[in-house]
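Written out below as structure tokens is the structure these notes cover.
The values are calculated or read from the model by the stated rules, or taken from the named source; none is laboratory data. If you're wondering where the values come from, they're calculated on a predicted model, not measured in any experiment. We place every Cβ from the backbone using ideal geometry, glycine too, and count neighbours over all the protein chains shown. SASA here: full protein model, heavy atoms, side chains in, ligands and nucleic acids out. Shrake-Rupley method; radii C 1.70, N 1.55, O 1.52, S 1.80 Å.
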Amino acid sequence: MKRSQALAILVISLMLVSALPVLKAGAAVPYTEKLSVSVAGSSALWYLSFSHVNASSKLSALESTSGVTWYNVTAVKTTAWKSDFQVFGAAGYGLYPAPFVPSQGLFLTVGADSFDHAQAAAKGLDSYLLSAFVSYSNGSEVYTFYSPVSFDATVPRTLLSSLPTGFGGFASGVTSSTFIATPSPIVILSGVKSGSSFNHSLIIGSMSGSALDSSKRPDIKTYFGTTLSSIVASNKSTSSVISVRFLDGIVNSTDTANVSNDLPHFASSYVLNVAPGKKIYRLNVTDLEQPALLLASRTVSVGVLHTGDNLSVTLSISNLSNDTSITKLTIKDDWWKATHQFKLVTGNSTWTASTLAPGSRTTPVYTLQVNGTAQEKVEIPALKVDFTYTAGLQTRRGQATLNAIPLSLGIDDALVYARAIPSGGYGRVVGLEQKVKVVATNIGTLAASSVTIAGNTSISGIAANGGSASVDVVESAQGLTGVNVSKTYAVSYRNPNSVLYNATTNSYSEVFSHVSMRISFVTLTVGATISALKGGGSNVTLTFTTSNLGLATAKSFFAGGHLPTSLGCGAAKGAGIACSNGSIGAFVLNYTTLPLSASKVAYLKINTTTPRNYVLAPFSYTSDSSPYVFSGQSNSVPIPAGFVYTKAYNPSKFFAGMTSQVSVNATNAGPFDVRNASISAVIDGFDTLTGTAAPSSTTPLVAAGGSLGFQYKVVASSTASGNLSSADIFSNFYFGSTSFSIRRPGPGVYAYQPFAVSIKTSPSNPTEGKPFQLVLTINNTSGVDVSTVHFTMPIPSGLSLSGLQNSSISSGVLSMNIDILRAGGSNTASATAVAGSGIAVPYKGAKLTFDYSGTTVVGKVPTNGFTIGENALTRYYIPTGVVLVLVLAAAFYLRRKAGVSVPVSQS
């Protein structure tokens, strides 16, 4: 942006504020208020401006910067723009107070003695607006910066909080919530240094698609986002002014206002000074957006005349207006009197109409007779036709031009005259075309050659005696502001002697309307989303949304720009998008057509492993809405890929029941600051929090290179085992005045169940009095090394041990100690045991512990123990002789019993 453009933005802003007297340092600044409205078609751009705004306490960091003499902070949102609002932008009247028109944006223009001081001033705003300003243009002591912004989240609590509602008056009609919902909210806070302090002014504004009420009066009570019953002037203001500029209309007013009409440009102004405390219920000023237009032309019956011949001249008079009558129309077509070669036969060459109704046409005719004898060329000259019409309560003047016609008295020649005849009605809107037929008629007796009609040279000739040729010309508004079109068209030809002649048509006039303009309105909005990659780094997805919000098809669209090489291109997705080596070429988005209401979306998906914050510059674009070509820029895009946060467990591999310390840390790689940052974690499903401290942290600033973090401890549950996914971590922060909420997955951890000691005997069922082997085996089934493995087991008094290997016994306690037991390793201890009697050996008192990562972990031991059985052969031994006697005695006893019971034989 050139210095002149930057100054223009400042001038526009200052013009909206009522003129302030020149003050000495420390002098009180009088409070003033002003409503400024610009009306074009059915759209209005309005501003409320206030002086004597108290803002220094909020802007001290900026204002204390050395070398700064003035500044202008502007916040805009255009997400609800209508197509007709383009008339106020750079392609129209240039009244929009920003270097370009993004969907949302912050702009800072600084008057300073150096770029370094201006940049320091921009940095001073960051803490207030949570912004990230980037240089846009540098001039001679004028510097402009831009930043992304989330308008609704940032502006109401910052810039808009300076609205002086305490003074009542115009400011009392505005509420923050309804204002930011208007179609195009704008807030401008300005400061101008005076002595050691700054004087401030505040401007808020927006646009309305319903500028006028049904009576064509500015409907100012509806502009501010709600319908007011009245607008009241402040009792504390030294000046309360309502100023309305009608950019394409003239007005009439019954108010005691200063009204000025610029008829040549069909524009006007209305300025009303409002007394303190007075209520304004409506503005009594009527806007006439379309003037009455007269189309007037001549035709004749013959071109070469001799003495006694008659000449009929027909006037064609049309009121092109649809709703305005023409009054006091007089045509004095008395050219013939000066020739002294004609006399009036019938009709009247002076024609008067007291009224000509809208859309009506009349064709008065008068007839002349040649009464002279001279042989010469005569021309019916072009004639200005004045007329009047009523606009509001006042009479206005208009003018049209009758075409000239060549005549010849007694000399044969080619004689061509031309007329302009519009077709298709009147009252076109900007973007539509008006067809005009340019007709050339040869009323001579010789043919015309080398004919050029309105620049068209394809016509070889026109026959004599009424031959004609025509060319269709298409007229349209000259851009968005060149709506008043008044033209004549040139015709040239040669006679048979190659003499060149020229002719000119009657005038044709058209006023194109700004209501529902038939033009495209293409916007490019760029968004960025960030998600974490599992392996580290971030995925940045840039979304390019191109929409046609206008009332005509865009015949082409292309956008261009550059991505930082450190960010790269990633993968492109969607029609029309291309990216190479970090540069988006001239055809990033290249659409051959974009119909009404069409929207196209394309993506760049970029994986970045190098932490860095970015503020992407706006992407420039052009769209073809023939015959107009519009250019613009997208919003700037904040990408906080440099704000990286992690979650770590110490240890990350642990045993169930262990305590682990969790560290959550966020670092800002820069180069931009991060504001109002908070990071938090939730407790995992496999552990519990120790203590009552919430696992979160908040800070107003994480500067470039700074960090934010916290720690907490958790205890793994007794059932935790295997690969586990820890809970996500969350961050909320502002970057580039935009709120971000990003969720990153927690790291994976591994939980081991504590390993156990194995206790076995050999044989498996030992008996009393017999030695057996007692074997202890400790197998580290985890994936980590442990230390100070210690196993103890009480030995009952009836059990004696000997031949101990890798173990010891003391005071009746068997011990096994291992300094380091590697992951997957095992260690065995043994002893020879013998019990004098059958006893039970319980494991109840046995204990296994080991150290890991500074924590003593309790291992697992068997639960039942083992039993030493009794030896029956030794415990219950009977001598052999005693056993034999007992056996014989038993046999004798049995035999006697058998003898008694058997009967004696009788034989």
Requested in this report: For Thr350, enumerate residues with amide H under 5 Å from its amide H, sequence gap 5+ or separate chain, H modeled in the peptide plane.
Outcome: Asp333
**Report entry** For segment 80-152 and segment 704-746, distance of Cα centres in Å
**Finding:** 36 Å
Query raised in the report: Once amide H atoms are placed 1.01 Å from N in the peptide plane, what residues at a sequence separation of 5 or more from Asp413, or on another chain, have their amide H within under 5 Å of its amide H?
Result: Thr445, Leu446
Report task. Express the carbon and sulfur contribution to the solvent-accessible surface of the chain as a percent, rounded to the nearest whole number, probe 1.4 angstrom. Result -> 52 percent
Query raised in the report: Are there chymotrypsin sites (Phe, Trp or Tyr not before Pro) in segment 213-317 that DSSP puts in a loop and that have at most 13 other Cβ atoms within 10 Å, and which ones?
Result: Tyr281
Query - Whole-percent pair-distance distribution, where bins are 5 Å wide, for the alpha carbons of segment 204-263 - result: 4, 13, 21, 27, 21, 11, 3, 0
**Report entry** For Ser423, net neighbour charge (Lys/Arg +1, Asp/Glu -1) across residues whose Cβ lies under 9 Å away
**Finding:** +1
Query raised in the report: Mind checking which lysines have their C-alpha under 23 Å from Lys279, skipping anything on the same chain fewer than 8 residues away?
Result: Lys34, Lys216, Lys221, Lys236
Report task. Go through 65-73, 542-550 and give me the packing order, highest mean Cβ count within 10 Å leading. Result -> 542-550, 65-73
Query raised in the report: If you count, for each residue, the other Cβ atoms within 10 Å and average over each peptide, how do 811-820, 228-237 line up from highest to lowest?
Result: 228-237, 811-820
Query raised in the report: Which whole-number value in Å³ per residue fits the convex hull of the alpha carbons of segment 693-824?
Result: 190 Å³
Query raised in the report: Just how many % of Cα pairs in segment 294-513 lie over 28 Å apart, if you round to the nearest whole percent?
Result: 33 percent
Query raised in the report: Mean residue ellipticity at 222 nm from the helices of the chain, using -39,500 (n - 2.57) per DSSP H segment of n ≥ 4 over the full residue count, to the nearest 500 deg cm²/dmol?
Result: -2000 deg cm²/dmol
Requested in this report: Alpha carbons only, please: Rg and Dmax for segment 622-673, in angstrom.
Outcome: 24.4, 77
Report summary line: Answer in debye to the nearest 20: the dipole magnitude of the chain about its Cα centre, from +1 Lys/Arg and -1 Asp/Glu charges placed on Cβ, is 2280 debye
**Report entry** Under Karplus coefficients 6.51, -1.76 and 1.60, residue-wise ³J(HN,Hα) of segment 370-381 in Hz, glycine/proline x
**Finding:** 6, 10, x, 10, 5, 9, 6, 8, 10, 10, 7, x
Query raised in the report: What share of Cα pairs, in percent, lie more than 19 angstrom apart in segment 84-161?
Result: 44 percent
Report summary line: Of the residues Phe730, Thr699, Ala112, the Cα lying farthest along the dipole of the chain towards its positive end, which is defined by charges on the beta carbon of Lys, Arg, Asp and Glu, belongs to Phe730
Report task. With the Cα gyration tensor of the chain in hand, give its eigenvalues times 5 under a square root as the equivalent ellipsoid semi-axes, listed largest first in whole angstrom. Result -> 103, 35, 24
Query raised in the report: How large is ³J(HN,Hα), in whole Hz, for each residue of segment 538-552 in order, when computed from phi with the Karplus curve 6.51 cos²θ - 1.76 cosθ + 1.60 and θ = phi - 60°, using x for Gly and Pro?
Result: 9, 9, 10, 10, 8, 10, 9, 10, 10, 10, 9, 9, x, 10, 8
Query raised in the report: Residues of the chain: accessible area per residue at 1.4 Å, in Å²?
Result: 43 Å²
Requested in this report: Search the structure for amide H atoms under 5 Å from the amide H of Thr481, placed 1.01 Å from N in the peptide plane, and list their residues when 5 or more places away or on another chain.
Outcome: none
Requested in this report: Could you sort 530-537, 359-366, 847-854 so that the peptide with the highest average Cβ count within 10 Å comes first and the rest follow in order?
Outcome: 847-854, 359-366, 530-537
Report summary line: Sorted largest first, the Cα spans of segment 32-289 on the principal axes come out in Å as 53, 39, 33
Requested in this report: Calculate one ³J(HN,Hα) per residue across segment 181-188 by plugging θ = phi - 60° into the Karplus curve 6.51 cos²θ - 1.76 cosθ + 1.60, and present them in order as whole Hz with x for glycine and proline.
Outcome: 8, 5, x, 8, x, 9, 10, 10
Query raised in the report: Taking 0.36 nm per intervening residue step and subtracting the Cα-Cα distance, what contour gain separates Lys555 from His265 on full extension?
Result: 101.3 nm
Query raised in the report: Under the Kirkwood approximation applied to all pairs of distinct alpha-carbon atoms, what is the hydrodynamic radius of segment 522-627 in Å?
Result: 14.4 Å
